[in-house]
Every structure is written in structure tokens, then in C-alpha cells.
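Structure, as C-alpha cells:
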Amino acid sequence: MNSRLLYRLLVLTLLGTWQSAVEAQGIFNFERKPIDYHNQVARNPVSRLQEKILSGEVQLEYQGPRGYLDSFLKQMNVSRTTQALVFSKSSLQLHRISPPRPRAIYFSENVYVGWVQGGDVLEIIASDTSLGTVFYTLKQQDVPFPRFTRDRGQCLQCHANRRTKQVPGPVVRSLFTEPNGQPAFNLGTFVSDHSSPFSKRWGGYYVTGTHGTMLHMGNMVVDRNTPPGEFDYQPGANVTNLSSLVNTRPYLTRHSDIVALMILEHQSQMQNLITQAHFEEIRGKYYDAALNHDEGFQSDFTRRRISRASEELLKYMLFVDEHPLSSPVKGTSGFSEEFSARGPHDQLGRGLYQLDLQTRLFKYPMSYMIYTDVFKHLPPLTIAHLSRRLKEVLTADSTDDDFSHLDLETRKALLEIVKETCPLLSTNW
């Protein structure tokens, strides 16, 4: 056996031993090199806002019982129509949350913020171009230069596990919830995204909007001793006014819009798959550098890791396994109209933000998250794989593949939209 092969085998053995030790200690892989999650400099909308606050360029205003919430949303360009009201005790300030006093969540593609009545802090998640997702709190105290505190591991207890693809990230969970707001874990919990059946979505959430005969878990509390098959979902269905369920006057709107919730579900898991793909390529390059000092060396192991993560991301962003809508869905807050109007558009006025809501979520089923900074900062091998495979899918002359839900007309439309609006993916087509 030559010395170079022996060296490679030794490195692989050491890497395997290190990974086993990390798992045994309960330490996440991304907390070690090459990701080094807690020690790398954050690059995201919140870190940039902090710099502007400290320089005096921006001032956050503290206003009444909501504190910094209104001003923060304005700085982040987050619409109040995204409001989601969550009454399950399933977050950092759980002791202040209950069905009469739900937590409010507001979001954009790049930031999520949670506000609780009388809460000590705003809870913030930011999409980060290097670290995927970074968690912050902002104390609800009126000071000249408010400071965002970066989480050092507490949030990872719930936001870095199989539900988030083993990376730090947002998650939408559906929980059977008791009248006091406590989750009834014995009845089961579900991660919600666009593949989830309606019947397993939004437990512990208030939901406003119409959805025909489809039923969901929202707007209801349960007795943990009742078998799930005996729950009556009907009273929580097609609710357009929450006044009989909760006092919404302390909040920015009277809504917890069903369409906004569907978007929140989709993009939270899309965010995690982007982070997973990013981390896999970074790890692969790091391991290859340990195996071979030749610049540009890439092992078969790394190629497989990148391919596997990229393919999972591709399938999700093209809505493979999307749960079909059997009834039309309509929101209440104006979110749908606001969201659908967003660009970019191609020369025919088509865009990835346009909603369908009749039989599926989007008119053109490809994720708008390809326009985000975190997607644009994916490493080159991952982008190359996505670009090549996306072209193969969208130019196929048959639908007899893993993407059979996309008919030829839809593929052609997506191809034209991507060519005109996303040069990152289509430059080499």
C-alpha cells in the first residue's frame, strides 16, 4: 500500500472517529470546523441593522406596549399582513403564551420575528449568507442604542434537529394544544411544509381564511385524553373572524392569514434545505483538503454528498410531493394580493410569486427563494449541479420522471421565467 493511500485511509478513520465523538457529546457538526457556527462572523439583515444603529445611521423607535416591534418590522420591510398568531406554548417565552394571549410571528424571505404580549424580548431569526440561519433576541427596553443578542446555543435545542435537516433553521410545527396552551405531545406532533396534508397543519395556531371541505388543526384546543380520531375539526374550519376566539386588538392586524401560513411553511423548510446544501459542500471541500493537498481535488465521497443535498433541494423547490388542494383557499388580510404582485417578472408578466390557491400553492411551481441572498451565496458546485439538473428537468420532452407533476407546458413556462429572471441558474444554459 503506497503512503498517499495509507494517509487518506488514516484521515478518513480520524474523521469518522471525530464525527462519532461529536455525536456522542451532543455537539452539532456545524459547531465545529469547517462551519464553526458560533465563531464565524454573521452576515445577515440583523447584523447589518445593528451596525447602522451603532453608527447612528438608523434609530429604532420604542413605541408603547409593542416596544421595538413596529420599528423593527419597518426597517426589515416586513409586512404586517404576514402576521401569524400562535397560542401553543412552544417558544422561548412560553410562560407568557396562551390561547387568550398568542405569540405573533411576522416574516419576510430573510427574517422572522416573534412578539409576545408583555414579553421581555423580541425573538428573531435571520437568514445568513455564511451560516444559514442565526438567532437573536432584542430586549424590550427603551435605550439609545438597542443591541441584538446573538444566541449561543439555547435556540438550537429546538431549531437544529431532524425537523430542520440537522442544520440551524426555522421550523413550523403543528401541535395538538390544550386549553392552557400546553402541547399535548402524547397525541403526536407534525412538521408542516407544502407536502403536509391539511389535516396535520396549524395545530396551536389561529387561522383565518376559507378552504372549503379541507380541514386543519388550527383554531382548536383539545383534551389530551381524547383519541385524535374523535376530535371535531369542523368548528375551526373556514374562520374569517377571530373575535369569538381571541382579542386581537393588541396586535398589528385582526388576522392570522391562511395563505401567509402556507408561505411560511414552504419557505422555512426551503431555507433549511439551502443551508444543508451549503454546509455539505463546505464540509466536502474541507475533508478533501485533508485527504489531498492538490488544489481542485474532489473525492467521490464529496461528489455524492453535494449531489444528494442538491437533488433534495431541487425536488423541494420544484414542489415534488406537494399536497394538492381539493378546495380553493382564500386569505383574509390582503397578503395574497400583496405577495402575488411581487417581482421579478418575465416579459409576459409571469413570476414565481404568483399564487394559484385553486389546486396548488403557486401558479408556476418553483420556489421564489431562488431570489434570496442565501440562495445566491450557495457554493459553486452546488449551483452548477442545480443549474444542470434544472435545465434537464425543464427541457425534458416527457414527464415520465420524478417531476411528473409538472406538465410540459408548465416546464416550458418555468424555463422561460428562470431564463429571464434568474441568471445565477441560467447563465450557462
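Quick note: the coordinates plus some simple rules give every number you see, no bench work behind them. Since this is a predicted model, take the numbers as computed values, not measurements. No Cβ is skipped: glycine too gets one built from the backbone with ideal geometry, and neighbour counts run over all protein chains shown.
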Proxy reagent accessibility, fewest Cβ within 10 Å first, across 353, 233: 233, 353
Virtual spin-label span in nm between residue 312 and residue 341, 7 Å along Cα→Cβ: 3.8
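Between residue 243 and residue 213, what FRET efficiency follows from the Cβ-Cβ distance if R0 is 22 Å, with the result rounded to 0.05?
0.35
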Interchain or long-range residues, amide H under 5 Å from residue 356's placed H: 362, 363
Spacing of the two label points (7 Å from each Cα toward its C-beta) at residue 408 and residue 396, in nm: 1.4
For the chain, share of DSSP beta bridges that run antiparallel, in % to the nearest 5: 95
Packing-based exposure ordering (other Cβ within 10 Å, fewest first) of 71, 336: 71, 336
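Sorting check: for 169-177, 308-316, which peptide has the highest mean count of neighbouring beta carbons within 10 Å, and how do the rest follow? Don't skip to the end; give the middle numbers.
Values: 169-177: 23.2, 308-316: 19.9.
Highest-to-lowest ranking by the protection proxy: 169-177, 308-316.
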Rounded FRET efficiency, nearest 0.05, which uses the C-beta distance separating residue 48 from residue 348 and R0 of 25 Å: 0.10
Sum of -39500 (n - 2.57) over DSSP H runs of 4+, divided by residues of the chain (222 nm, nearest 500): -10500 deg cm²/dmol
In sequence order, calculated HN-Hα J values of region 246-255 (Karplus, 6.51, -1.76, 1.60; Hz; x Gly/Pro): 7, 7, 9, 4, x, 9, 6, 9, 8, 10
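Could you calculate the FRET efficiency of residue 162 with residue 141 from 1/(1 + (r/R0)^6), where r is the beta carbon distance between them and R0 is 22 Å, rounded to 0.05?
Between residue 162 and residue 141 the formula returns 0.05.
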For region 161-166, 3J(HN,Hα) per residue [Karplus equation, 6.51 cos²θ - 1.76 cosθ + 1.60, θ = phi - 60°, Hz, x = Gly/Pro]: 7, 4, 5, 10, 6, 6
Where labels lie 7 Å past Cα in the beta-carbon direction, separation of residue 31 and residue 289 in nm: 2.3
Rounded to whole Hz, the Karplus (6.51, -1.76, 1.60) HN-Hα couplings of region 236-241, x for glycine and proline: x, 8, 6, 7, 10, 9
Straight-distance crosslink candidates among lysines, where the alpha carbon sits under 19 Å from residue 139 and sequence neighbours closer than 8 are dropped: 52, 74
